[in-house]
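The values are calculated or read from the model by the stated rules, or taken from the named source; none is laboratory data. Small disclaimer: the values here were computed from a predicted structure and weren't measured. Here the Cβ is made from the backbone with ideal geometry for all residues, glycine too, and neighbour counts use every protein chain on show.
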Amino acid sequence: DARVTQTPRHKVTEMGQEVTMRCQPILGHNTVFWYRQTMMQGLELLAYFRNRAPLDDSGMPKDRFSAEMPDATLATLKIQPSEPRDSAVYFCASGLTQGIPSNQPQHFGDGTRLSIL
Amino acid sequence: GQQVMQIPQYQHVQEGEDFTTYCNSSTTLSNIQWYKQRPGGHPVFLIQLVKSGEVKKQKRLTFQFGEAKKNSSLHITATQTTDVGTYFCAGPRGNTGKLIFGQGTTLQVKP
């Protein structure tokens, strides 16, 4: 079965360090989403791309977070510098969308479990 | 701002009992999606409802979209231990392209 692949699965690092999370969307999917999940806030959309172009990153703290899609098979989410409050599970999801992306199902990866000490 | 609320937050049932979770939006939705997340897992798409009053079934799961397209429900008949997990509804935020997820209903099933 086609699946979204995220690396690393787990990351523990000290505050102040740079963290890079990677996502390989399902081949042929044109839209990639980055979500953060915490107990307090639930699932929050951080940013999303379509055809590699960023469409919305309003959910992302701009001062420390950045999201890019260097090519169609790779999306990255970086945090620099990381802080303890960034500890969460970060999910990447992909979909094949035309028109409004929220009208199509999203396929999630296994997530990166990030702990910032 | 637009909100998607789910109740209950938690539900514990005995295996074989039925289970229902309800989803309410503060605004009319063009569609609603349901996802299931197993403990330690990732959200998995279950279904999408688009039409007012729509009812769809997947084996023991029945999904409904309200007539006003502002609420939805998921009903599981005769729960099994494999149904354990958190069920999320999600609706579009206007035409922004974003999905707003409800807080989820976590289902525990006692064997």
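Quick notes
- Residue under evaluation A:Lys11, criteria (1) farther than 13 Å from A:Ser87 by Cβ; (2) surrounded by 11 or more Cβ atoms within 10 Å (Cβ to Cβ), criterion not met: (1)
- For the range A:91-105, the criterion of a residue being part of a loop (DSSP other than H, G, I, E, B) and loosely packed, with under 14 Cβ neighbours inside 10 Å is satisfied by at least one position.
- Residue that is farthest from A:Gly99 (Cα to Cα) [pool: residues in the range B:75-101 that are facing chain A (nearest Cβ under 10 Å), of a type in the set (A, V, I, L, M, F, W, C) and touching a Leu at 6+ places or on another chain (Cβ under 6 Å)]: B:Phe101
- Some residue of the range A:70-79 being out of contact with any Cys (no Cβ under 8 Å at 6 or more places or on another chain) and within 14 Å of chain B (Cβ to nearest Cβ): no
- Scanning the range B:23-70 for residues that are away from chain A (no Cβ under 12 Å) and touching a helix residue (DSSP H, G or I) at 6+ places or on another chain (Cβ under 9 Å), we see that the one that is surrounded by the most Cβ atoms within 10 Å (Cβ to Cβ) is B:Leu61.
- If you go through the range A:14-33 and pick out every residue that is surrounded by fewer than 16 Cβ atoms within 10 Å (Cβ to Cβ), part of a strand (DSSP E or B) and at pLDDT below 95, you end up with 0.
- If you go through the range B:1-10 and keep only what is at pLDDT 95 or above and either buried (at least 18 other Cβ atoms within 10 Å of the Cβ) or of a type in the set (D, E, K, R) (or both), you end up with just B:Gln6.
- Given (1) farther than 22 Å from A:Gly42 by Cβ; (2) modelled with pLDDT under 95, number of the condition B:His75 does not satisfy: (2)
- Meets criteria (at pLDDT below 90 and hydroxyl-bearing (Ser, Thr, Tyr)) for A:Thr38: no
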